[in-house]
Amino acid sequence: LSPLITLNDGHGIPQLGLGTWPLDDEQVTAAVVHALEAGYRHIDTAVKYGNEEGVGNGIRASGVNRSKIFVTTKLDGEFQGQDRAVAGLEGSLTRLGLDYVDLLLIHWPLPGRDDFVSTWKTFERLQAQGKVRSIGVSNFKPAHLERLLAETDVVPAVNQIQLSPAITREAEREFNAGHGIVTESYSPLGGSGASLLTAPLLAQLGEKYDKTPAQLVLRWHIEKGLVVIPKSGNPERMRENLDIFDFSLDRQDLAELAILDEGPGAGNDSDATGH
Ligand code: A2P
């Protein structure tokens, strides 16, 4: 089972969870049931993914007690600004069939709209009301976070960003850590269709550790203290991805994995991504 990381509000988040984009309602119900059976206790969804109903159905079908599961969803752009997040969260809770979520994120800063500060103030109220335990952001750059830190009261518990050994975001990670914000990695395996897992170095190290390239990459995230949400719809790969807590990468191998870094220009720039 995945260890917990303690967030700045005192709540624990399982360090490894299941990513669910782009599974549809039907696929995600099966995936969530398989994941919870395999021992996952953290599921990541979003309004934008269009699969919250399926996630809720999977949770109920699994028979696992809701209180044992960490559920994240993300508020879509249409619910940013003024008090729109109230209706946004209400819709998510209805679709999920839950009376609270563990973590609610602002999905994108949407800088052109300049709504994220007022959205965050609504998040603070929703947290005080108990409809959401922890609040955070996604795809935020340090400049966006600087504004939140200056203009609002609650420091985000997490910032979920695209991050992998190919897209390492070191400056952003450092900024988050310096403010007590946990960094969460989406597309941690490089995303679908990426070549990261075929790197020869991973095959080589795989022999040494008797682990697959995906397991080595996920372990890289764990060693860096990141929360990581690999997506898989395949029960065997889900189990494989959870089976990373019985080994660790030694210093030298961790350092060697830096050759996989594609540099600061790599990765997509928040707003355009499906995530
Ligand atoms: P699948 O759902 O068929 O398992 P990311 O989490 O970085 O977005 O990556 C998701 C992609 O990686 C999906 O295409 C997923 O396919 C694939 N994937 C997930 N786990 C593994 C694994 N252990 N080995 C190889 N590919 C994987």
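A few points about this structure:
- Ile244 vs. criteria at pLDDT 95 or above, in contact with a Lys or Arg (Cβ under 9 Å, 6 or more places away or on another chain) and of a type in the set (Val, Ile, Thr): yes
- Test: residue in segment 52-60 that is under 19 Å from Tyr186 (Cβ atoms) and in contact with a Phe, Trp or Tyr (Cβ under 9 Å, 6 or more places away or on another chain): yes
- Count of residues meeting criterion [assigned to a helix (DSSP H, G or I), touching a Gly at 6+ places or on another chain (Cβ under 9 Å) and surrounded by 15 or more Cβ atoms within 10 Å (Cβ to Cβ)] in segment 174-196: 1
- The lone exception for Arg237 - which of (1) buried (at least 18 other Cβ atoms within 10 Å of the Cβ); (2) within 14 Å of the ligand (Cβ to nearest atom); (3) assigned to a helix (DSSP H, G or I) it fails: (1)
- For segment 12-31, a tally of residues being in a helix (DSSP H, G or I), under 19 Å from Leu189 (Cβ atoms) and aliphatic (A, V, I, L, M) returns 2.
- Unique residue being within 15 Å of the ligand (Cβ to nearest atom) and assigned to a loop (DSSP other than H, G, I, E, B) when the list is Gly263, Gly206, Gly267, Gly225: Gly267
- Selection over segment 156-168 of residues that are of a type in the set (A, V, I, L, M, F, W, C) and part of a loop (DSSP other than H, G, I, E, B) gives a count of 3.
- Given (1) surrounded by 15 or more Cβ atoms within 10 Å (Cβ to Cβ); (2) over 18 Å from the mean Cα position of the chain (by Cα); (3) without any contact (Cβ under 8 Å) to a residue 40 or more places away in the chain, index of the condition Thr94 fails: (1)
- Some residue of segment 161-179 being closer than 19 Å to Leu104 by Cα, more than 13 Å from the ligand (Cβ to nearest atom) and under 14 Å from the mean Cα position of the chain (by Cα): no
- Those residues of segment 185-203 which are within 11 Å of the ligand (Cβ to nearest atom) and among the hydrophobic types (A, V, I, L, M, F, W, C), in sequence order: Leu189, Ala194, Leu196, Leu197, Leu202
- Considering the conditions (1) closer than 19 Å to Asp102 by Cα; (2) surrounded by fewer than 23 Cβ atoms within 10 Å (Cβ to Cβ); (3) within 16 Å of the ligand (Cβ to nearest atom), Val47 is excluded by exactly one of them, (3).
The values are calculated or read from the model by the stated rules, or taken from the named source; none is laboratory data. Note that the coordinates shown come from a computational prediction; the quantities given were computed from them, not determined experimentally. Here the Cβ is made from the backbone with ideal geometry for all residues, glycine too, and neighbour counts use every protein chain on show.
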